[in-house]
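**Q** One structure, as structure tokens, below. Some questions next.
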Amino acid sequence: MYLEFFGFTEHPFRLTPDADFLYMSKAHARAKAYMDYTVLSRDGFVVVTGEIGSGKTTLINKLVAELPEDVVVAKIFQTQLNETEFLQAVLTEFGIESYATSKTELLNLLNEFLIECYSADRRVLLTIDEAQNLSDKVLEEIRLLSGLETNKDKLLSIILTGQPELAEVIDSPHMEQLAQRVRLRFHLGALSEDETQNYIRHRMQIAGNEQDVFLDDALPLIYEYTGGTPRLINSLCDMALLTAFVDQRETVDETVITASVEELGWVPFSSVAGRPGVYKPPLRRR
């Protein structure tokens, strides 16, 4: 509705994980560097955790979009799977048709594929999003996959992303063998107040508007109600632009943000989360 009014070429604050809109904070840049290293050096696997809406999926999409053409990628988003279903999903994502139903057959097919790729000097990446939902048995299969290697290199690079519970699972005593296979770990925290302001300007510019639509008195209030969580920033800024459009206002100031949070029924982020960087959906006023 407000695109033409503000001169946007596309929506600046959609909730979809569009890699073109990714704002590379210091934390995001470091996490991506870990991922790049893992893939390009064929060096085991990395675990990236973060609160809901912190940008993990968008970061994965950015990584995959920028990988060299010689990297073969499988992305798994459905994590409510048993071991057999998981292996079948991995093979399907790699473009391997199989009607095998036994784990042994599936693993043999995957191993053959990995060896073929290695012989052709092609690197192979498996990414698994929302990995905190994986069962212990599937995590054990992932541990076994991480051990597939030649005398020099790993045959498969693995990136697990998930909510903070994933780290708790990996650190549990019965997952010690899996934890030992993890090469690098990183937790993606919330944006700082300065990063939140830069994030908003970045997305506005990518969407085609380089004007200071969000005024200085609005920006601290946005941080107050979102805690620097990208998904919440998107939700609030989208509502603020809509509110401004309805009132035919060319800028978003403190009064527009106040009206927007009233419309959303939000309270300040700190009163919900308790401390910066911890996401919980904002509560509605009663």
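**Q** For the chain, what does the helix formula give at 222 nm: sum of -39500 (n - 2.57) over DSSP H segments with n ≥ 4, over the residue count, nearest 500 deg cm²/dmol?
**A** -14000 deg cm²/dmol
**Q** Cα gyration tensor of region 192-273, axes a ≥ b ≥ c as square roots of the eigenvalues: rounded (a/c below 1.5), prolate (a/b > b/c) or oblate?
**A** oblate
**Q** Let me ask something else. Quick one: which residues, 5+ away or cross-chain, put their amide H under 5 Å from the amide H of Val72? H built at 1.01 Å from N.
**A** Residues meeting the criterion, in which the H sits 1.01 Å from N, are Arg123, Val124, Leu125.
**Q** Could you work out how much longer the chain between Thr150 and Phe5 gets when fully extended? Use 0.36 nm per residue separation minus the Cα distance between them, nm to one decimal.
**A** Using 0.36 nm per residue and subtracting the Cα-Cα distance, I get 46.4 nm.
**Q** Hey, another quick one. DSSP beta bridges in the chain, what fraction antiparallel, as a percent rounded to 5?
**A** If I count the DSSP bridges inside the chain, around 5 percent turn out antiparallel.
**Q** Further question on the same structure: Are there any trypsin sites (Lys or Arg not before Pro) in region 140-181 that are in a DSSP loop and have at most 13 other Cβ atoms within 10 Å? List them by number.
**A** Within region 140-181, the qualifying trypsin sites (Lys or Arg not before Pro) (loop, at most 13 other Cβ atoms within 10 Å) are Lys152.
**Q** Return the whole-Å distance between the Cα centroid of region 1-70 and the Cα centroid of region 113-188.
**A** 20 Å
**Q** Pull up the DSSP beta bridges for region 26-188 and report the antiparallel fraction as a percent, rounded to 5.
**A** 5 percent
**Q** Within region 140-179, whose backbone N sits under 19 Å from a point 7 Å along Cα→Cβ of Thr104?
**A** Label zone hits: 141, 144-145.
**Q** Modelled label-to-label distance, Glu193 and Thr92, 7 Å Cα→beta-carbon offset: nm?
**A** For the pair Glu193/Thr92, the computed spacing is 4.8 nm.
**Q** Measuring from label point to label point, each 7 Å out along Cα→Cβ, what is the Thr16 to Gln211 span in nm?
**A** Computed distance between label sites Thr16 and Gln211 equals 2.6 nm.
**Q** Residue separation times 0.36 nm, minus the C-alpha to C-alpha distance between Gln78 and Val272: what's the value?
**A** Computed gain between Gln78 and Val272 is 66.9 nm.
**Q** So if R0 is 25 Å, what FRET efficiency would Asn111 and Tyr37 give, r being the distance between their Cβ atoms, rounded to the nearest 0.05?
**A** The value I calculate is 0.55.
**Q** Separate question: Excluding same-chain residues fewer than 8 positions from Lys62, which lysines have a Cα within less than 24 Å of its Cα?
**A** Correct list for Lys62: Lys26, Lys32, Lys75, Lys154.
Read-outs: derived from the displayed coordinates by stated rules, not from any lab. Everything numeric in this text was worked out from a predicted model, so none of it was measured. We place every Cβ from the backbone using ideal geometry, glycine too, and count neighbours over all the protein chains shown.
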